[in-house]
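What follows draws every value from the coordinates through simple rules; no lab data is involved. These numbers were taken from a predicted model, which means no experiment stands behind them. Neighbour counts are summed over all protein chains in view; Cβ atoms, including those assigned to glycine, are modelled from backbone coordinates with ideal geometry.
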Amino acid sequence: MSDVLDYIEANPQEAQRLIGLGYPELQRLLQNAEQLHNEKQDLLESKKIRIISGGGGRKPKLSIKEQIILTLVYLRHMTTFQLLGIQFGISESTANDTFNYWLPILRELLPSSLIEQVKKNESDLMVVSVIDFFCTSTTG
């Protein structure tokens, strides 16, 4: 288990600071993401034509929970994949591959940011721009 996941489980009150989600929300996200991951893997497996039976190959170094935590840490802190690799005990390319695998799955489960929501409706973009202008001009 990674140090980050160990720390969050030992100190659930720190989850918000580390990954941007409270501990109860994290637990629900982990459960839902793992379920969605299993469904996607089952769908992929059902489409494969196999000559050799499944179950072989190298096992992943990180558990599913650790892979999701890695992705959330990156989204929260925008650190480099080299540092993520060091932090989770994997290579830089594995950290990158892990992030790119889990990002679309988490996008299905997590609400989009305000900017992504506003991009869908251009009139709202103007409102947010005006609010942002007034907020920055009064504080600056």
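Data for the structure
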{"item": "Proxy reagent accessibility, fewest Cβ within 10 Å first, across 62, 110", "result": "110, 62"}
{"item": "Cβ-based exposure ranking for 65, 48, 59, 40, in which fewest neighbours within 10 Å come first", "result": "59, 48, 40, 65"}
{"item": "Neighbour-count order for 94, 79, 71, fewest beta carbons within 10 angstrom listed first", "result": "79, 94, 71"}
{"item": "Proportion of all alpha-carbon pairs of region 3-109 beyond 21 Å (%)", "result": "39"}
{"item": "FRET efficiency estimate (nearest 0.05) - Cβ-Cβ, residue 38 to residue 76, R0 35 angstrom", "result": "0.90"}
